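Engineer: Below: one structure in structure tokens.
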């Protein structure tokens, strides 16, 4: 179980660094949604299913859809 905790922490750190370094907004939103989905798994491992469900629904679901909807309405420069 310790290796799983370490793997989750490493994944979260890699996601945070990847979001900071990416230049594309769509890629940043996708990485951010993966980050929040993994955070919901972490909350579930901490035996807080209410927080995990909220994090998955709002953090990974609704926020990702809203970000992508707003980005689709803007002009993208390459």
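The values are calculated or read from the model by the stated rules, or taken from the named source; none is laboratory data. Keep in mind it's a predicted model, so treat the numbers as computed, not measured. Positions of Cβ are backbone-derived with ideal geometry, glycine not excepted, and every protein chain shown enters the neighbour counts.
Engineer: Does segment 43-62 contain any residue that is within 11 Å of the chain's Cα centre (by Cα), surrounded by 18 or more Cβ atoms within 10 Å (Cβ to Cβ), modelled with pLDDT of 90 or more and under 18 Å from residue 12 (Cα atoms)?
Structural biologist: no
Engineer: Also, I was wondering about something else. Please indicate, with yes or no, whether at least one residue in segment 14-30 is over 29 Å from residue 69 (Cβ atoms) and in a helix (DSSP H, G or I). Spell out the reasoning first.
Structural biologist: Restricting attention to segment 14-30, the residues satisfying the condition of being over 29 Å from residue 69 (Cβ atoms) are none.
No - not one qualifying residue is present in segment 14-30.
Engineer: Exactly one condition in (1) under 13 Å from the mean Cα position of the chain (by Cα); (2) surrounded by fewer than 17 Cβ atoms within 10 Å (Cβ to Cβ) is false for residue 21; which is it?
Structural biologist: Against the list (1) under 13 Å from the mean Cα position of the chain (by Cα); (2) surrounded by fewer than 17 Cβ atoms within 10 Å (Cβ to Cβ), residue 21 comes up short only on (1).
Engineer: Residue check: is residue 76 without any contact (Cβ under 8 Å) to a residue 24 or more places away in the chain and more than 13 Å from the chain's Cα centre (by Cα)?
Structural biologist: Considered against the rule, which asks whether it is without any contact (Cβ under 8 Å) to a residue 24 or more places away in the chain and more than 13 Å from the chain's Cα centre (by Cα), residue 76 comes out as no.
Engineer: Part of a helix (DSSP H, G or I), modelled with pLDDT of 90 or more and exposed (fewer than 12 other Cβ atoms within 10 Å of the Cβ) - does that describe any residue in segment 34-41?
Structural biologist: Within segment 34-41, not a single residue is part of a helix (DSSP H, G or I), modelled with pLDDT of 90 or more and exposed (fewer than 12 other Cβ atoms within 10 Å of the Cβ).
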